[in-house]
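Here is the structure we will look at, set down as structure tokens.
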Amino acid sequence: MSSHHSSRQPILRRVVVGLAAATLAISACGGSDDSGSDDDAAAETTPESADTSATADTAAADSSASDTSATGEPTEPQQNQPVSVDGVPLVPFDSEATPDPAVGETAPVVFGASFDGTPMTVGGPTDNPTLVVFLAHWCPHCNDEIPQLIELEESGDMPEGLDVIGVSTAVDSGQPNYPPSDWVEEKAWPWPVMADDEESSAIIAMGGTAFPFAVVLDTDGTVLARRSGGAPAAETQVFLEEALASGASA
């Protein structure tokens, strides 16, 4: 994963992100599938996201978190990290929009960091296709989804050559399983985790509208598939294999 940082974003991106952030209230949890049924959807919603248009310009100035202090001593994990976005955000995901209009589009590149401040990048050219999973520590469906993904990995059914990145988002210190840096360890999440910022810039950039939210990216950064809501390991395997097959045949 690249550790470089983006320059000032294009004016078009600022306009689109501002509109998305002002109008999009991210649902608390997706259902156990993409239907968003009343039976499966949780009642809670996150606070409406703030305007993220200045994120890239202020990320460096606002960031005081790193893996060591000025004296070289380890610092406490930061549950939110600065995020900057290079590119136009994807259209908000709608499970009823078939096909997903974002598929085949170039995803924006998201620059951020892990809980300990290690730079991370989501999107852009990569060696392998990538599954990006957005998770909220307080979301019941996210808590159900993590063991299913781990089962897929441990059974050997995760598609070969697929990288996985988690993104912790919608952090709320008043909700269960806080802090998320401890939560992912307790859940034995085996892959890298990026910490989203307080404005949920990363998930908004990818068009996420519910948790958990998954995006499959090809090696050139194009979107192969998106999905909201959790699913059993076997269904996720099919989702991933179909997404990767579509990229191979393109």
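The values are calculated or read from the model by the stated rules, or taken from the named source; none is laboratory data. Please read these numbers as outputs of a predicted model, since none were measured by experiment. Cβ sites come from the backbone with ideal geometry, for glycine too, and all protein chains shown count toward neighbours. Surface accessibility is based on the protein's heavy atoms, side chains included, excluding ligands, DNA and RNA. Shrake-Rupley method; radii C 1.70, N 1.55, O 1.52, S 1.80 Å.
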- Residue-span extension gain [ALA234 to ASP144] - 0.36 nm each, minus C-alpha spacing: 31.0 nm
- Note on the structure: antiparallel share of DSSP beta bridges within the stretch 110-228, to nearest 5, in %, is 60
- Message: Considering only protein heavy atoms and a probe of 1.4 Å, how much of the accessible area of the stretch 154-250 is carbon and sulfur, as a whole percent?
- Response: 44
- Extension length gain for TYR178 and THR219 (0.36 nm per residue less Cα distance), in nm, is 11.4 nm
- Classify the stretch 144-250 as rounded, prolate or oblate from the Cα gyration tensor: take a ≥ b ≥ c as the square roots of its eigenvalues, call it rounded if a/c is under 1.5, otherwise prolate when a/b beats b/c and oblate if not. oblate
- Task: Sort the following peptides by mean Cβ neighbour count (other Cβ atoms within 10 Å, averaged over residues), highest first: 194-201, 122-129.
- Result: 194-201, 122-129
- Note on the structure: Around GLU151 (Cβ within 11 Å, Cβ-to-Cβ, excluding GLU151; K/R +1, D/E -1) the net charge comes to -4
- Item | Potential extension, GLU96-SER246 segment - 0.36 nm per residue separation minus Cα distance | 52.0 nm
- Amide N of the stretch 147-163 lying under 13 Å from the label point, which is placed 7 angstrom from the Cα of ALA188 along Cα→Cβ: 147-155
- Determine the per residue accessible area of the stretch 115-217 with all protein chains present and a 1.4 angstrom probe, expressed in square angstrom. 36
